[in-house]
């Protein structure tokens, strides 16, 4: 090779280095931002160490294909910039981070949390730790993987929420649903290992065979075609059943953790969608009306309606209770329409899947309830805190404490959220006599966020100062 | 008008009716925070710093350019610090949220320890009866060395007075939950601005 020959390998290496250096530089720029918790800084440290190690990997790589893969992976890591750039305190309410970390810690101890807004109107919780682990396992030589243990010793969760709702703490109760997804996965995994599932499986197989026989009664399809159709339908039915259970268990977890507030947030999230939308590929979401109906059932079964009734005669909160009750009655009326069920009944595939799902649902709910025991919504405590919290909101005081003013008691932040929801529902109803403007509702969001920050600080302060004493 | 002393302060904090009560929340350590005739207040997490290069001047007669262009907000976590350099002015919110009853007014002032280190806490110190919200402190380092400020530390104190004939404050500073910069060119209370200021 003469001195001036073009060398693709060298060009690829140079390109990978430029990408890596560019990413390192952007990460350094982000490291000066203020973050509401330590996790983003730890991720920055991880990425920095990863890219420094990757430099050596790039240098030693002699395969063009491998270098192309490396470059493409570095490009893919650009998404971390978006997450980190949005995770700083001007974009992410710190109260939200601390609230979710507090709940996640009870479900998955010692978790790390990074939260950031996103352009899409969507709430998600993703397992970032596993993604980071995969990067190390795939790209970093085994001898050096141990250096990354300090970053990956605890689970890391990436929480995303719609940017447009950033300051709306009340809407963020929808995260109860997102926290339910890993629990739903655990249930489905446990179910698949249970003998009972074999019975469910057999029954579904039999129902699918009968369905195919019936549909192809007069057809001349051969056995192989029949088998193909049966297998395809069976897979689809299993998927529909699984997806319905995933979403419905997650909805239930929302109620178990956040109580009625989870339903209020769900209602606002779904009211503009088609309530009777049939489960459709590829997500197979259950119809919103069915979800609403089942959540309302849980609100009733968990005694929340009864708790509201007990507050009816408390003058401090009676008017708020009245509006909340009429809101729930309105939702009951909406859920009493059975068009979603009729849609499912009329479709034999959906019917088989949903009949099977419904048979498993009570057990799935019990499983979810058990898993959320440590963070369950304690209505006996929370409802008793509501009257005073409502009064605080009337006076524009953060709803963070109640009781004897000489020794006030920090409330459960779920009480803060529920009181704020009731205050909002009351304020958007002209018949209540007090109509809140959108500016005042925004103020309510800020007070709620402040109160949650105070509750978490007060508990932490008490824990540490009493511990030292 | 008289300064309210410790026993009366405690009575105010414990008034039966919430709307007549002096609210300071969270009062994390009441025994240590309520002094002989004042209450120690803590530094919050939010700081507003001016980016001089982006700001021509502040003139009530001209419309402000977008505040975000010349202000940087810093959030400082607990156990982390903010360095206030000599002759630098920053705004910072109090950790505590206040609600004063209509028969009480207050002034915010430095704590002696910090004052002697050069820290001036507030230049506009009056808190009106009926005020509700966190208080924005104007922190100025008049000393010769940088000061390390930690959120949660008590850098200021608030002195309360009985106020007769007060009406609830409804101005621009009310209902804030974090440090707040109030635009000079938007003063809702001064309807006669056009008379005093040159037209653009």
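Since every read-out is calculated from the coordinates, none of them should be taken as a lab result. What you are looking at is a predicted structure, and each value in this text was computed from that prediction instead of being measured. Please note: Cβ atoms are built from the backbone with ideal geometry, for glycine as well, and neighbour counts cover all protein chains shown.
Counting partner chain Cβ atoms within 10 Å of every residue's Cβ in A:88-98, what's the average?
Counting other chains' Cβ atoms within 10 Å and averaging over A:88-98 gives 2.
Expressed as a rounded percentage, what relative contact order does chain A have, with Cα pairs under 8 Å and six or more residues apart? Intermediate values should be presented prior to the final figure.
On the way: 571 pairs, mean separation 67.7, N = 469.
RCO, chain A: 14 percent.
Helices in the protein assembly as shown, meaning DSSP H runs of at least 4 residues, each add -39500 (n - 2.57). Divided by all residues, the mean residue ellipticity at 222 nm is -16500 deg cm²/dmol. The order of the peptides A:50-56, B:169-175 by mean Cβ neighbours within 10 Å, most packed first, is A:50-56, B:169-175. Inter-chain Cβ neighbour count for B:125-133, averaged per residue, equals 1 (cutoff 10 Å, partner chain atoms only). Convex hull volume of the C-alpha atoms in region B:124-187, normalised per residue: 130 Å³.
So if I average 1/r over every pair of distinct C-alpha atoms in region B:109-157 and take the inverse, what Kirkwood radius in Å does that give?
11.8 Å
Note that the protein assembly as shown carries a Kirkwood radius of 28.7 Å, evaluated over its alpha carbons pair by pair.
When you work out D = kT/(6 pi eta Rh) for region A:224-303 at 20 °C and 1.002 mPa s, using the Kirkwood radius from C-alpha pairs as Rh and the Stokes-Einstein form, the result is 154 µm²/s. Express in % the proportion of alpha carbon pairs of chain B at distances exceeding 28 Å. Here the long-distance tail beyond 28 Å is 32 percent of all Cα pairs in chain B.
Each residue in B:145, A:402 was given a count of other beta-carbon atoms within 10 angstrom of its own, and listing them fewest first yields B:145, A:402. This ranking places B:193, A:333 by how few other beta-carbon atoms lie within 10 Å of each, fewest first, which gives A:333, B:193. Using only alpha carbons, region A:46-119 has a radius of gyration to Kirkwood radius ratio (Rg to Rh) of 1.15. Of the residues B:32, B:157, B:71, the one that moves most in a GNM of chain B with alpha-carbon contacts below 10 Å is B:32.
Direction-averaged projected area, Cα convex hull, region A:183-375: 12.7 nm², rounded to one decimal. Averaging sequence separations of C-alpha pairs under 8 Å and six or more residues apart, then dividing by the length of region A:164-283, give the relative contact order as a whole percent. Reported relative contact order: 51 percent. Note on region A:379-468: Cα Rg divided by 2.2 N^0.38 Å, N the number of residues, gives 1.15.
Anyone know which of B:62, B:38, B:112 comes out most mobile in the 10 Å Cα GNM of chain B? Looking only at B:62, B:38, B:112, the biggest GNM fluctuation is shown by B:62. Packing-based ranking of A:26-34, A:261-269 yields A:261-269, A:26-34, ordered from highest to lowest mean Cβ neighbour count within 10 Å. The mean number of partner chain beta-carbon atoms within 10 angstrom of a residue's beta-carbon across peptide B:18-28 is 5. Each Cα pair under 8 Å and six or more residues apart adds its separation to the average, and for region A:8-166 the resulting relative contact order is 27 percent. Counting 0.36 nm for each residue step from residue A:300 to residue A:48 and taking away their Cα separation leaves a gain of 85.6 nm. Computed from label points 7 Å out along Cα-Cβ, the spacing between residue A:339 and residue B:32 is 6.2 nm. Taken over the alpha carbons of region A:183-281 as equal point scatterers, the Debye sum produces base-10 log I(q)/I(0) values at 0.11, 0.16, 0.19, 0.20 Å⁻¹ of -0.52, -0.86, -1.01, -1.06.
Dimensions of region A:8-166 based on its C-alpha atoms, expressed as ranges along the principal axes with the largest first, amount to 50, 31, 26 Å. For region A:127-234, what is the convex hull volume of the alpha-carbon atoms per residue, in Å³? That works out to 252 Å³ per residue.
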